[in-house]
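Shown next, in structure tokens, is the structure this report addresses.
The values are calculated or read from the model by the stated rules, or taken from the named source; none is laboratory data. Every value quoted in this text rests on a predicted model; they were computed, and no experiment measured them. Neighbour counts run over all protein chains shown; Cβ positions are idealised from the backbone, glycine included.
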Amino acid sequence: MEAKHSKVEQICDAIRLGLQKGRYRPGIRIDPAPLTQKYRTSLTPVRSAFYCLCSDGVLEAHGRAGYRAPLPTEVSLRGQYNWMEFLLIQACNLTPADSEPAGGPAFNRRGVDAVLLTRQLFDVIASGTQWPDLSREARLASDRLAPARHIERPFCKDALEELADINRLWLKRDLPRLRQALFEYHQRRRELVPRIVAVMARHAAKQDGPKQ
């Protein structure tokens, strides 16, 4: 039973990472066959992983059409950015100004992935409150936003500089300016929502399956 549970967790993590890296695009069916082959397992653990991710809002079930990352509307995607911002602002409000900063992600590595870096940084900020529920919600929000973050990259050429500034304010515990920086970060992406949704819709219309 434990081995089976571990396999389900591994597959969940693999799908989350695939979303972060843009391998699974919104509105496009996720083929379970490569996952069964990679993890040398039957369809049962793969389906269990799909069920878990559906309950978290990361995937959607479409009957015989299978499972896929949700294809958001402009309203729903804007709401996801709002929710992510709200959670991070709450984290700032709950973080003592004199607390010791936890270690953040590495910004000085060559070829760093802005999407993965965003998730790591926001996870660190949310975890600074010592409120597990808030941290969990922030991780789920990042999972749901992963496809949008992947698509937004060409529109945000200075994303790494934005994140580095947010990280610097977090490490300094300059919470008022950090709240403002988080608002500006998300406001910029809210303005990009129509373009992001349009790209997602084009991808879904052109492709029958994700890149494996």
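In the stretch 176-194, how many residues are aliphatic (A, V, I, L, M) and under 18 Å from SER76 (Cβ atoms)? Walk me through how you get there before you give the answer.
To start, the set of residues in the stretch 176-194 that are aliphatic (A, V, I, L, M) comprises 178, 181-182, 192-193.
From what's left, under 18 Å from SER76 (Cβ atoms): 192-193.
Final tally of qualifying residues: 2.
If ARG109 meets every condition in (1) part of a helix (DSSP H, G or I); (2) at pLDDT below 90 apart from one, which number is that one?
Looking at each condition in turn, ARG109 falls short on (1).
One line per residue, one yes/no per condition, for (1) touching a Lys or Arg at 6+ places or on another chain (Cβ under 9 Å); (2) on the phi < 0 side of the Ramachandran plot:
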| residue | (1), (2) |
| --- | --- |
| ARG173 | no, no |
| PHE183 | no, yes |
| ARG189 | yes, yes |
| HIS203 | yes, yes |
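Pick out the one residue from ASP158, ASP143, ASP133, ASP123 that is without any contact (Cβ under 8 Å) to a residue 60 or more places away in the chain and within 13 Å of the chain's Cα centre (by Cα).
On the way: ASP158 fails: within 13 Å of the chain's Cα centre (by Cα); ASP143 fails: without any contact (Cβ under 8 Å) to a residue 60 or more places away in the chain; ASP133 fails: within 13 Å of the chain's Cα centre (by Cα).
Going through ASP158, ASP143, ASP133, ASP123 in turn, just one is without any contact (Cβ under 8 Å) to a residue 60 or more places away in the chain and within 13 Å of the chain's Cα centre (by Cα): ASP123.
Considering only residues that are surrounded by fewer than 17 Cβ atoms within 10 Å (Cβ to Cβ) and aromatic (Phe, Trp, Tyr), look in the stretch 149-191 and name the one that is farthest from MET84 (Cα to Cα).
The extreme case among them is PHE155.
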